[in-house]
1. Mind listing just one residue for me: the one in segment 1-30 that is surrounded by fewer than 17 Cβ atoms within 10 Å (Cβ to Cβ) and free of Cβ contacts under 8 Å to residues at least 40 places away in the same chain and, of those, farthest from residue 109 (Cα to Cα)?
2. Check segment 89-100 and report whether any residue there is farther than 29 Å from residue 302 by Cβ, assigned to a loop (DSSP other than H, G, I, E, B) and touching a residue at least 12 places away in the same chain (Cβ under 8 Å).
3. Specify the residue that is modelled with the highest pLDDT; the eligible residues are those in segment 128-164 that are part of a loop (DSSP other than H, G, I, E, B) and over 21 Å from the mean Cα position of the chain (by Cα).
4. Looking at segment 181-188, is at least one residue assigned by TED's automatic domain parsing to the domain that holds residue 233, crowded, with 21+ Cβ neighbours inside 10 Å and either modelled with pLDDT under 95 or under 30 Å from residue 289 (Cα atoms) (or both)?
5. Just wondering, is there one or more residues in segment 56-64 that are farther than 25 Å from residue 88 by Cβ, part of a helix (DSSP H, G or I) and out of contact with any helix residue (DSSP H, G or I) (no Cβ under 9 Å at 6 or more places or on another chain)?
6. Scan (1) surrounded by 19 or more Cβ atoms within 10 Å (Cβ to Cβ); (2) within 26 Å of residue 152 (Cα to Cα); (3) free of Cβ contacts under 8 Å to residues at least 60 places away in the same chain for the single condition residue 111 breaks and write down its number.
7. Sort out which residues of segment 239-278 are farther than 24 Å from residue 114 by Cβ and without any contact (Cβ under 8 Å) to a residue 12 or more places away in the chain, and write them in order of number.
8. Inspect all residues belonging to segment 41-54 and state whether any of them is closer than 19 Å to residue 281 by Cβ and either assigned to a loop (DSSP other than H, G, I, E, B) or outside the structural domain of residue 264 (by TED's automatic domain parsing) (or both).
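The values are calculated or read from the model by the stated rules, or taken from the named source; none is laboratory data. Remember, predicted model here, so these are calculated numbers, not experimental data. In this analysis, Cβ positions are derived from the backbone assuming ideal geometry, glycine residues included, and neighbour counts consider all displayed protein chains.
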């Protein structure tokens, strides 16, 4: 996101625009936490992960009072347009602002890569590289100790990180929300590998994977284990498979961004500002093929379609 902000600011000033940053997203917009940005203010940030402006989930923005304060801030600062960088929630907020007459252009940023219309969102490639490097390290231990490693990655409703990370990291099995499997089926596949002489394996599990036959939302009195822990415990209790669990968690969200992410973010940031300067709004910049294009914010509620069943087939086939 820093690369996108940097490109937006420098391209904006190049068009003679006065650029302003909003700290902590919609929360900062409600509170009036804004600061002027010039070319020097965004120097030395392209290599930093996250965003120097900060981000925050804002439940207040979903209320009528919060929305009124946000619009009041826009009026007070005489903002002619907004560039909103974020995932589906942020882009829905952008769509709402556009509906209130505020010119907005969105930039997709979500490591889940679950945003409709763009082949890649900011942050995806960096997260995938983190997953791949982690799997490489874990495999060294798996090979040495003849164990099954369960590695849980992010992805509540999308298995993109698990799928692509598992493919790049040579996982023996990938479990995703899009493909239903029971715990018994998973155990059977691991045991089949053992019978074939495979003494170690790595199973990549998306956090949103819910095994068939398991209640996705158990009663509050029942403590809900994570997807990875549920699988690990089941395999251990079978008495035949020794497992070790690794939950990568927020490791996937940090670190210096990859070259691909820096380039993509810079292109999308530049495009967003040029669109606003030309009077175009109510759209999201997107990577379609190899080109930066636009998509109406009215379409962002569609399923992303970035999970490719053919790649899942490939993972299953080459893991044998």
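1. 16
2. No, that holds for no residue.
3. Residue satisfying both the conditions and the ranking: 147.
4. Within segment 181-188, one or more residues are assigned by TED's automatic domain parsing to the domain that holds residue 233, crowded, with 21+ Cβ neighbours inside 10 Å and either modelled with pLDDT under 95 or under 30 Å from residue 289 (Cα atoms) (or both).
5. Looking for residues that are farther than 25 Å from residue 88 by Cβ, part of a helix (DSSP H, G or I) and out of contact with any helix residue (DSSP H, G or I) (no Cβ under 9 Å at 6 or more places or on another chain), one finds none in segment 56-64, hence no.
6. (3)
7. 239, 278, listed by residue number.
8. No, because not a single residue in segment 41-54 is closer than 19 Å to residue 281 by Cβ and either assigned to a loop (DSSP other than H, G, I, E, B) or outside the structural domain of residue 264 (by TED's automatic domain parsing) (or both).
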